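Heads up: the structure comes next, in structure tokens.
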Amino acid sequence: MKNYFLFLFVLVTINIHSQETKDTLREENIETVVINDKDYEKVNYSFALKKEINSKLRSVNPNSAYEMGLRFNNNLGKGIVSNVILFLHKTDEKDKLTDLEINFYKIDTLTNKPGEKINSQQIIYTPKNRHRGNVKINVEKFRIPFPAAGIVVTVKWLPTKDHDKSVGPAIRFTNYDERLTYTRFDNDPTKWSDKMNFSQKNGLYTNVMIGMEVYIKKRKTDE
């Protein structure tokens, strides 16, 4: 995990409520499923930042093509992305709900920022309500690889037909001891930034709460 995020000149509204807790990155083997091939098993891994503070990105101006994502390093060496988890906050009644576009980017080893886009098809999530909760989006059919150099998973709030300037759903933030979040606007690859930080604690940085599940196939006889 490397440094990340913040950009200026985007109309976003942030509500921050801090708690004094320590953040950890969770990596756990959560399930093993035997697939059709009797010689292999499908092993799933879950990656996410632990919720430690009550803060959120309340609303976004989608007309600026605002995009925010979290970086995941690959300590597995391989894998296919099966699910993306969005940790959503309650959206204010005055903010309209809009569709979210989910994207995946390789890490550019020269800039250490999001580089080549991995998914060739548009992946859309339509929010069902304004409630706070976790949403799991299955992306297994898109066959998104988990690159050895890591991946950035992003969300983009899409414009509405009325060109509203303040939309949800609201997404949760937490703190962590690394800068893992990137943002940009105007779909400009030169505008990726990792400088956003609202934490008032030394050594802790604000990060967006996005989770990811990946799977790898292993021979049953592999250690």
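The values are calculated or read from the model by the stated rules, or taken from the named source; none is laboratory data. The shown structure was predicted, so the numbers you read here are calculated from the model rather than taken from an experiment. Backbone-built Cβ (ideal geometry, glycine too); neighbour counts: all protein chains shown. Ligands, DNA and RNA are stripped out before the accessible areas are found, and what is left, the full protein with its side chains, is counted by its heavy atoms. Shrake-Rupley method; radii C 1.70, N 1.55, O 1.52, S 1.80 Å.
Here are a few things to note about the model shown:
- In Å, descending, principal axis extents of the Cα set of the range 42-183: 45, 33, 33
- Converting phi to 3J(HN,Hα) with the Karplus coefficients 6.51, -1.76 and 1.60 and the offset θ = phi - 60°, the range 198-212 yields 10, 5, 9, 10, 4, x, 10, 10, 6, 9, 6, 9, 10, x, 8 Hz in sequence order, with x at every glycine or proline.
- Length added when fully stretched, residue 50-residue 63, from 0.36 nm per residue minus Cα-Cα: 1.6 nm
- Distance from the Cα centroid of the range 119-136 to that of the range 62-82 is 15 Å (rounded to whole angstrom).
- Loop-located trypsin sites (Lys or Arg not before Pro) across the range 52-130 with a Cβ neighbour count of 11 or fewer within 10 Å are 94, 128, with loop assigned by DSSP.
- Alpha-carbon Rg/Rh ratio, for the range 177-223, with Rh computed the Kirkwood way: 1.23
- For the range 34-117: rounded, prolate or oblate by the Cα gyration tensor [a/c cutoff 1.5]: prolate
- Taking a quarter of the surface of the Cα convex hull of the range 124-175 gives a mean projected area of 5.8 nm².
- Restricting the range 93-196 to GluC sites (Glu not before Pro) that sit in a DSSP loop and have at most 14 other Cβ atoms within 10 Å of their own Cβ leaves 93.
- Sequence-distant residues sharing a close amide H with residue 113 (under 5 Å, placed H): 108
- In the context of the full set of protein chains, residues of the range 87-223 present 51 Å² of accessible surface per residue (probe radius 1.4 Å, heavy atoms only).
- Spin-label pair residue 141/residue 163, simplified geometry with 7 Å Cα→Cβ offset, distance in nm: 3.4
- Of 157, 144, 131, farthest towards positive along the dipole that unit charges on Lys, Arg, Asp, Glu beta carbons give the range 51-192: 131
- Three-way shape call for the range 120-223 based on the alpha-carbon gyration tensor, with the a/c threshold at 1.5: oblate
- Dipole of the range 162-223, positive direction: furthest Cα of 212, 200, 189, with charges on the beta-carbon: 212
- Full extension of the chain between residue 116 and residue 188 gives 24.7 nm of extra length, using 0.36 nm per residue less the Cα-Cα distance.
- Cα-based Rg / Dmax (Å) for the range 94-165: 14.6, 42
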